[in-house]
Amino acid sequence: MTISRTLAGLAIAATATIAAVATVAPAAQAATAANAAAWGPYYAPGRAAHAAGTLTATGEDHADLPTADVVRVSGKVYDHTRPAASCGWAVFRITYRSGSNLPFRQHAVRDCSYRAPKSFSFSYRDVYQVELKVCAEAKSAKPSLVCQYAGTWKTLYLSK
């Protein structure tokens with residue numbers, strides 16, 4: 001008799017534990033997913049290339065200069081140009097905090113393989129803003145000045 005009562009008690013305790021985990025797990029997943037935001041697809045002029053992905057900002061600090069402690073960007077860039085001499089570019093402009101200044105740096109991802117996407121992932125600290133520009137142009141080591149400065153930047157993240 002005591003063995004069956006003990007087993008019944010363990011079964012009830014296990015069921016209660018599973019029910020508690022089932023109610024806590026969605027809340028934890030929702031809290032994690034709330035920080036991640038999908039972006040894109042954003043296209044180059046003429047739809048010659050496009051990029052899409054996710055951005056996760058953690059540890060936002062709104063004391064003096066609002067910044068995120070860490071911003072992680074991941075995604076894929078697609079080249080839709082047939083010539084092997086052309087590439088699709090995803091150029092990111094990351095504005096970060098340095099003391100009381102807000103300088104920026106660029107992070108570029110190139111894909112020169114027709115319709116075969118290139119995956120990327122990177123992260124930066126003390127980020128104020130992340131912007132994106134997608135271009136398609138001749139194969140080179142870095143994006144051209146036309147790609148970098150013509151047209152408009154798409155804002156993916158802005159700390160408020």
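Could you put D126, D79, D69 in order, starting from the residue whose Cβ has the fewest other Cβ atoms within 10 Å?
Details: D126 19, D79 23, D69 12.
The fewest-first ordering by Cβ neighbours comes to D69, D126, D79.
Footprinting exposure proxy ranking of S159, S113, fewest other C-beta atoms within 10 angstrom first, gives S113, S159. A crude spin-label estimate for the pair R115 and A150, with each label 7 Å from Cα along the Cβ direction, gives 2.7 nm.
In a simple Cβ point-charge model (Lys, Arg +1; Asp, Glu -1; nothing else charged), region 36-158 has a dipole of about 600 debye relative to its Cα centre.
Each residue, T54 and A36, gets one label point 7 Å from its Cα in the Cβ direction; the gap between the two is 0.1 nm.
For each of T58, T152, count neighbouring Cβ atoms within 10 Å of the residue's Cβ, then give the residues from fewest to most. Can you show the working numbers first?
Numbers: T58 13, T152 7.
Taking fewest neighbouring Cβ atoms as first place, the list is T152, T58.
Read-outs throughout are calculated quantities, based only on the coordinates presented, and are distinct from any laboratory measurement. From a predicted model like this one, the values you see are computed outputs, not experimental measurements. Heads up, the Cβs are rebuilt from the backbone with ideal geometry, glycines too, and the neighbour counts pull from every protein chain shown.
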